[in-house]
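Working notes for the structure below.
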Amino acid sequence: MAAVHYAGVSHRYPGAESLAVDTLELDITDGEFIVLVGPSGCGKSTSLRMLAGLESVESGHIDIDGVDVTSLAPRERDVAMVFQNYALYPNMTVGDNMGFALRNAGMNKADTAVRVLEAARMLELEPLLDRKPGKLSGGQRQRVAMGRAIVRQPKVFCMDEPLSNLDAKLRVSTRAQIAGLQKRLGTTTVYVTHDQVEAMTMGDRVAVLKDGKLQQIASPRELYDNPVNTFVAGFIGSPGMNLVDAPVVDGAAVVGGVRIPAPTQEARVTVGVRSESWDLVGNGVGSVSVAVELIEELGAESFLYGAPPLGSDWTIRNGRLAVRVDRKLAIGLAETVHLVPKLDEVFFFSASTGERL
Ligand SMILES: Nc1ncnc2c1ncn2[C@@H]1O[C@H](COP(=O)(O)OP(=O)(O)OP(=O)(O)O)[C@@H](O)[C@H]1O
Ligand SMILES: [Mg+2]
């Protein structure tokens, strides 16, 4: 078990103009499950691989339990990595795959067998210990890869998209298993995913990255309730927050027929409204009118998507306006709906910088 500190850590790939990871500052407490999330290319894997010792650190340093490990080789860091492609040895049994690193490190056969059995029980792999990986399902292979990391009893687990080879349903059940297992073991874990739902359901805290820069690190609830900028607001949530650019007139943002007092001196402001923060009203006076272009029926609820009417002076930054409605409301395509945002659930961001106001 261990605390991990990224102290202003940067990485640049050879020949690249910009930093892949830019002065990353992260304090991870002992036993915490931290998820790094962000779009493709934002620097998640690079950040993780620097902790495991698989990429160099250009500036800054990384501490594990107060010890600077920046210049240590991977095997000297006591970090176990679980990759997206599990890279199991095909000719070895499940048990030998799991025990390989221990035997390699000089542990005797009997002690190794105890550790492997213990991990196999935790992962419900005991009946499969004598099988070869080729005869396992994707989910079972994934658990063997986990087992290989667990038997080492490392200070830190590093996991890079370990569920991305599983189908959607298995991914959901496996993510709950991994989160539960991590809590039982209490091992500090840094977990990388591009899937914000996975991040929000698994992490004690979630670090959102963009272009190599940390945008925000917070609990899932805090990220949802208090995004620091338009990027985090639009990235977190399914769908992400609606981001409406609107003119400011006499101290109020004007979105269609709705006026919302806005804390800005600028000529325009970005108004953030979650899809569940709209009320449907009966007519167009004092509301935002939107023609429904797409309907998503998800069972208990539906999402309507629409665009501003032609010639509007308000625009939507991230696609169409999304509105969550009760499925009992029968609303059809091309129908116009009239919306009023719940005023105490509205967010404001600078239209020029994207920062929360
Ligand atoms: N071996 C490499 N050589 C050069 N540039 C690289 C290399 N690996 C990654 N990069 C670049 O560094 C940046 C960060 O890459 P990284 O792999 O950390 O992103 P990521 O967030 O893990 O993305 P993904 O979700 O696609 O896995 C990207 O711009 C990428 O193109
Ligand atoms: Mg990656």
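Residues that are among the hydrophobic types (A, V, I, L, M, F, W, C) and under 24 Å from the mean Cα position of the chain (by Cα) within the stretch 145-155 comprise 145, 146, 149, 150, listed in sequence order.
Yes/no matrix, rows are residues, columns are (1) β-branched (Val, Ile, Thr); (2) more than 15 Å from residue 275 (Cβ to Cβ):
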site	(1), (2)
298	no, no
301	no, no
309	no, yes
316	yes, no
324	no, no
338	no, yes
343	no, yes
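Please specify each residue of the stretch 93-148 satisfying the condition of being touching a Pro at 6+ places or on another chain (Cβ under 8 Å) and not in a helix (DSSP H, G or I). 132 - this is the single residue of the stretch 93-148 that is touching a Pro at 6+ places or on another chain (Cβ under 8 Å) and not in a helix (DSSP H, G or I).
Take the conditions (1) surrounded by fewer than 16 Cβ atoms within 10 Å (Cβ to Cβ); (2) within 16 Å of ligand 2 (Cβ to nearest atom); (3) at pLDDT below 95; residue 104 misses just one of them, which is (2). Among the numbered conditions (1) among the β-branched types (Val, Ile, Thr); (2) crowded, with 18+ Cβ neighbours inside 10 Å; (3) over 30 Å from residue 18 (Cβ atoms), the only one that residue 189 does not meet is (3). Selection of the stretch 1-15 for residues being away from ligand 2 (no atom under 16 Å from the Cβ) and either basic (Lys, Arg) or not in a strand (DSSP E or B) (or both) yields 1, 2, 3, 12, 14, 15. Any residue in the stretch 163-181 that is within 16 Å of ligand 2 (Cβ to nearest atom) and surrounded by 17 or more Cβ atoms within 10 Å (Cβ to Cβ)? Within the stretch 163-181, one or more residues are within 16 Å of ligand 2 (Cβ to nearest atom) and surrounded by 17 or more Cβ atoms within 10 Å (Cβ to Cβ).
Pairs are defined by a Cβ separation below 6 Å, a sequence spacing of at least 6 or placement on different chains, a first member in the stretch 135-152 that is closer than 17 Å to residue 117 by Cβ and in the same structural domain as residue 182 (by TED's automatic domain parsing), and a second member that is crowded, with 24+ Cβ neighbours inside 10 Å and of a type in the set (Phe, Trp, Tyr); the pairs so defined are 149/157.
Residues of the stretch 66-92 that are assigned to a strand (DSSP E or B) and either under 27 Å from residue 165 (Cα atoms) or of a type in the set (Asp, Glu) (or both): 68, 79, 80, 81, 82.
Can you find a residue that is within 13 Å of ligand 1 (Cβ to nearest atom) and surrounded by 13 or more Cβ atoms within 10 Å (Cβ to Cβ) anywhere in the stretch 60-70? Within the stretch 60-70 (the criterion being within 13 Å of ligand 1 (Cβ to nearest atom) and surrounded by 13 or more Cβ atoms within 10 Å (Cβ to Cβ)), the answer is no, since none of the residues qualifies. Exactly one residue out of 107, 122 is in the same structural domain as residue 180 (by TED's automatic domain parsing), of a type in the set (A, V, I, L, M, F, W, C) and under 22 Å from residue 183 (Cβ atoms), and it is 122. Just one of the listed residues (92, 50, 81, 107) is touching a residue at least 40 places away in the same chain (Cβ under 8 Å), away from ligand 1 (no atom under 16 Å from the Cβ) and of a type in the set (A, V, I, L, M), namely 92. If we keep just the residues of the stretch 328-357 that are touching a Lys or Arg at 6+ places or on another chain (Cβ under 7 Å) and not in a strand (DSSP E or B), which is farthest from residue 307 (Cα to Cα)? Result: 345. Residue count for the stretch 288-315 satisfying the condition of being over 16 Å from residue 245 (Cα atoms) and of a type outside the set (A, V, I, L, M): 8.
Which residues, taken from the stretch 16-65, are more than 16 Å from ligand 2 (Cβ to nearest atom), closer than 25 Å to residue 186 by Cβ and outside any loop (DSSP other than H, G, I, E, B)? Of everything in the stretch 16-65, those that are more than 16 Å from ligand 2 (Cβ to nearest atom), closer than 25 Å to residue 186 by Cβ and outside any loop (DSSP other than H, G, I, E, B) turn out to be 25, 26, 27, 28, 33, 62, 63, 64.
Somewhere in the stretch 2-13, is a residue closer than 23 Å to residue 144 by Cβ and assigned by TED's automatic domain parsing to the domain that holds residue 204? No, that holds for no residue.
The values are calculated or read from the model by the stated rules, or taken from the named source; none is laboratory data. Everything numeric here is computed off the predicted structure, so don't read it as measured data. Neighbour counts are summed over all protein chains in view; Cβ atoms, including those assigned to glycine, are modelled from backbone coordinates with ideal geometry.
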